[in-house]
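First up is the structure itself, then whatever we jot down about it.
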Amino acid sequence: MDKPVTIFTLLGVQLDRGRGANRWSKWRPTIALGQQDDLLVERLILLYDPRFEGFMHSVRRDFSRVSPRTLVQPVAVPMDDPWDFEEVYGTLLGVSGDLELDDEEQLLVHITTGTHVAQICLFLLTEAGFLPGKLVQTSPPGRRGPGGDRGSVAGSYSIIDLDLARYDRLATRFEQDRQEATGFLKAGIETRNAGFNRLIDRIEKVAGSTRAPLLLMGPTGAGKTALAHRIAELKRQRKQVNGRLVSVNCATLRGDGAMSALFGHVRGAFTGAASDRPGLLREADGGVLFLDEIGELGLDEQAMLLRAIEEKSFLPVGADRPVHSDFQLISGTNRDLRQAAADGRFRADLLARIDLWTFRLPGLADRREDLEPNLDYELEQQSRLHNRRVRLNREARTRFLRFATSAEAVWAGNFRDLNAAVTRMTALSDSGRIGTDVVDEELDRLRDAWRVQVRDEVDEVLGELAAEIDPFDRVQLAEVIRTCRRSATLSEAGRELFAVSRTRKKSSNDADRLRKYLARYGLTFADVDGGGTGLAGR
Ligand SMILES: Nc1ncnc2c1ncn2[C@@H]1O[C@H](COP(=O)(O)OP(=O)(O)O)[C@@H](O)[C@H]1O
Ligand SMILES: [Mg+2]
């Protein structure tokens, strides 16, 4: 302690007692503060109950004997009931407001004496900054502390810094927990993609600290559903939710049944409503509700959902009284909800509500460096499933990965495609060792599947006119459509498609180039953007 130290302490009616000469061989916490070799106490603010004034004076005298340089300032604090939280807190708050400290003074708040209530109040006042210092505790001899001496009656003292980050062991533990959490969110797959790692870090932070809605976006098979389940599980482990996870794919909620499935109904609400039904929102009370493919929800359901999120209550079908439900909402979508909102297919106010924390999961094709760890993960899964080791022999592995990481591999169904590929290869290799012949066969199958996929995109947009296009142009057009679909604007798509040539030109109008290209097929950006609302053929 280099600065002058001022200690704020309560007279310890029990602990500071001592009679006759024997008192010098007894550990008395307040006195011990004056007996620490490396703690020079300039000022001791000694709070006492006026009923113990005589006792206070004897402690004061003894303190001056062990530490003659200290200025002891008794402060009388009358308290009717030192176990009454409100009274004690109020009294101590008042005293701390009257404290005068100069800049050089360092305040230590002694929490070893006083009732437990008083100790808790001192802690709270210090943590809140009303007592602008650090906590100090004294311990009896025999317990070695940083400033202590095992043998002496002075015992030891230690300063408790409330900045938890400074405690190395705690910090290490926090970091470990955090890493376990992110590892868990990644399903234990070591990912090499920096962007994906950042995304998971952020999800871990956000999911750990908020109950606000989360929105997971990304193409089909990118892992939205799996991630939502892991987020819910993490929240449950951390005791942030205690209810269950209720999960539903909104694409399956169609027509009249949708309202009642989500919000429940009362008996007799409609023909066939033979009994009450709680509905999914009610079942999620206290837990997590995962609405997958939320973009598929009908407009009426969207309106009800918005109200349910905002007011934490809603009206079941046929009910005259609202029911309450408080849940953490996670939504998933592979649609561009902003575009859907612009087209009037999704409520803008609901979007604003669920779009507070949005996370975009990249497709597998954008995480090519992760193909190898994910291949190993899938092989492990298969091994576990079949109770025997499944692996690719060396040449087969090289061949598979070369293709998987090439531009030729579209990974249109993302993890679903990879999972299916490994499942098929395993099934075709009875020894559990996958060879090159099986890999070659699988690669043909994948190429085929994705070729159909390409044809589908062009078909979606052009309909029957698609048949009039050369295969050569078709490949190009399909790529253009895909790029437009994942871009927010024509210019953004243009920049990506002409990424190389635009750097060579002084002024580049990529948007114009792309517009002209699309016009050759009678298309505009609006025709190819947002889920394939076709111009021709529809
Ligand atoms: N991070 C991941 N790594 C490997 N496989 C995954 C991962 N996330 C999901 N999967 C698997 O991929 C498949 C599709 O995942 P899913 O979560 O259903 O995707 P989405 O909901 O985005 O369509 C599932 O079989 C799932 O087990
Ligand atoms: Mg899903």
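The values are calculated or read from the model by the stated rules, or taken from the named source; none is laboratory data. Everything numeric in this text was worked out from a predicted model, so none of it was measured. Reconstructed Cβ throughout: ideal geometry from the backbone, glycine too, with neighbour counts over all protein chains shown.
Residues of segment 303-333 being surrounded by fewer than 18 Cβ atoms within 10 Å (Cβ to Cβ) and among the polar types (S, T, N, Q), which ones?
S313, the sole residue that qualifies.
From the list V266, V241, which one is under 19 Å from R321 (Cα atoms), away from ligand 2 (no atom under 15 Å from the Cβ) and assigned by TED's automatic domain parsing to the domain that holds A187? Before the answer, list the steps.
Working: V241 fails: under 19 Å from R321 (Cα atoms).
Exactly one of V266, V241 is under 19 Å from R321 (Cα atoms), away from ligand 2 (no atom under 15 Å from the Cβ) and assigned by TED's automatic domain parsing to the domain that holds A187, namely V266.
Is at least one residue of segment 166-187 in a loop (DSSP other than H, G, I, E, B), over 21 Å from the mean Cα position of the chain (by Cα) and of a type outside the set (S, T, N, Q)?
Start the filter on segment 166-187 by keeping residues that are in a loop (DSSP other than H, G, I, E, B), which leaves 167, 186-187.
Right, trim to over 21 Å from the mean Cα position of the chain (by Cα) and you get 167.
Within this subset, residues satisfying the condition of being of a type outside the set (S, T, N, Q) are 167.
Yes, the conditions are met somewhere in segment 166-187.
Give G268, G295 a once-over and let me know the one that is touching a strand residue (DSSP E or B) at 6+ places or on another chain (Cβ under 9 Å) and in contact (Cβ under 8 Å) with a residue 12 or more places away in the chain. Quick ask: steps written out before the conclusion?
Values: G268 fails: touching a strand residue (DSSP E or B) at 6+ places or on another chain (Cβ under 9 Å).
The match here is G295.
Just need a number here: residues in segment 357-405 that are under 24 Å from R198 (Cα atoms) and either in a loop (DSSP other than H, G, I, E, B) or within 16 Å of ligand 1 (Cβ to nearest atom) (or both).
From segment 357-405, those under 24 Å from R198 (Cα atoms) are 357-378, 404-405; that's our starting set.
From the residues that got through so far, the ones that are either in a loop (DSSP other than H, G, I, E, B) or within 16 Å of ligand 1 (Cβ to nearest atom) (or both) too are 358-378, 404-405.
Within segment 357-405, residues that are under 24 Å from R198 (Cα atoms) and either in a loop (DSSP other than H, G, I, E, B) or within 16 Å of ligand 1 (Cβ to nearest atom) (or both) number 23.
Of these, E100, E86, which one is without any contact (Cβ under 8 Å) to a residue 40 or more places away in the chain and not in a helix (DSSP H, G or I)?
On the way: E86 fails: not in a helix (DSSP H, G or I).
Every option except E100 fails the conditions.
Being assigned by TED's automatic domain parsing to the domain that holds S331, among the aliphatic types (A, V, I, L, M) and farther than 24 Å from D370 by Cα is the requirement here; does L253 meet it?
Values: assigned by TED's automatic domain parsing to the domain that holds S331: yes; among the aliphatic types (A, V, I, L, M): yes; farther than 24 Å from D370 by Cα: yes.
Judged against the criteria, L253 is a match.
Step by step: first the residues of segment 334-352, then only those that are at pLDDT below 95 and within 21 Å of I231 (Cβ to Cβ), then the one that is surrounded by the fewest Cβ atoms within 10 Å (Cβ to Cβ). Which residue is that?
Looking at the filtered set, the residue picked out is R335.
Out of segment 12-40, which residues are surrounded by fewer than 22 Cβ atoms within 10 Å (Cβ to Cβ) and among the aliphatic types (A, V, I, L, M)?
Correct list: V13, L15, A21, L39, L40.
Of the residues that make up segment 302-314, is at least one within 16 Å of ligand 1 (Cβ to nearest atom), touching a strand residue (DSSP E or B) at 6+ places or on another chain (Cβ under 9 Å) and part of a helix (DSSP H, G or I)? Lay out the reasoning, then the answer.
The first filter runs over segment 302-314 and keeps only residues within 16 Å of ligand 1 (Cβ to nearest atom), leaving none.
No, the conditions are met nowhere in segment 302-314.
Out of L124, L131, L108, L99, report the one residue that is at pLDDT 95 or above, of a type in the set (A, V, I, L, M, F, W, C) and assigned by TED's automatic domain parsing to the domain that holds L40. Reasoning before the result, please.
On the way: L124 fails: at pLDDT 95 or above; L131 fails: at pLDDT 95 or above; L99 fails: at pLDDT 95 or above.
Testing whether each residue is at pLDDT 95 or above, of a type in the set (A, V, I, L, M, F, W, C) and assigned by TED's automatic domain parsing to the domain that holds L40 leaves just L108.
Can you pull out every residue in segment 270-293 that is farther than 19 Å from E311 by Cβ and either assigned to a helix (DSSP H, G or I) or among the aromatic types (F, W, Y) (or both)?
Of everything in segment 270-293, those that are farther than 19 Å from E311 by Cβ and either assigned to a helix (DSSP H, G or I) or among the aromatic types (F, W, Y) (or both) turn out to be F270, F290.
List the helices (runs of 4 or more DSSP H) inside segment 446-515, counting only whole elements, that have at least 2 residues being of a type in the set (D, E) and either buried (at least 19 other Cβ atoms within 10 Å of the Cβ) or under 40 Å from the mean Cα position of the chain (by Cα) (or both). Write out each step before concluding.
Working: elements: 471-486, 490-497, 501-504.
In segment 446-515, 490-497 are the helices (runs of 4 or more DSSP H) which contain 2 or more residues that are of a type in the set (D, E) and either buried (at least 19 other Cβ atoms within 10 Å of the Cβ) or under 40 Å from the mean Cα position of the chain (by Cα) (or both).
Is segment 267-281 home to any residue that is among the basic types (K, R), closer than 18 Å to L361 by Cα and either touching a His at 6+ places or on another chain (Cβ under 9 Å) or within 14 Å of ligand 1 (Cβ to nearest atom) (or both)?
no
How many residues are within 13 Å of the chain's Cα centre (by Cα) and within 14 Å of ligand 1 (Cβ to nearest atom) if we restrict to segment 234-254?
Of the residues in that region, 0 qualify.
What is the residue count in segment 199-228 for residues that are more than 9 Å from ligand 1 (Cβ to nearest atom), aliphatic (A, V, I, L, M) and in a helix (DSSP H, G or I)? Give the derivation first.
So the first thing to find is which residues in segment 199-228 are more than 9 Å from ligand 1 (Cβ to nearest atom), and the list is 199-215, 217.
Among the residues that remain, those that are also aliphatic (A, V, I, L, M) are: 199-200, 203, 206-207, 212, 214-215, 217.
Next, only the ones that are in a helix (DSSP H, G or I) stay: 199-200, 203, 206-207.
Number of matching residues: 5.
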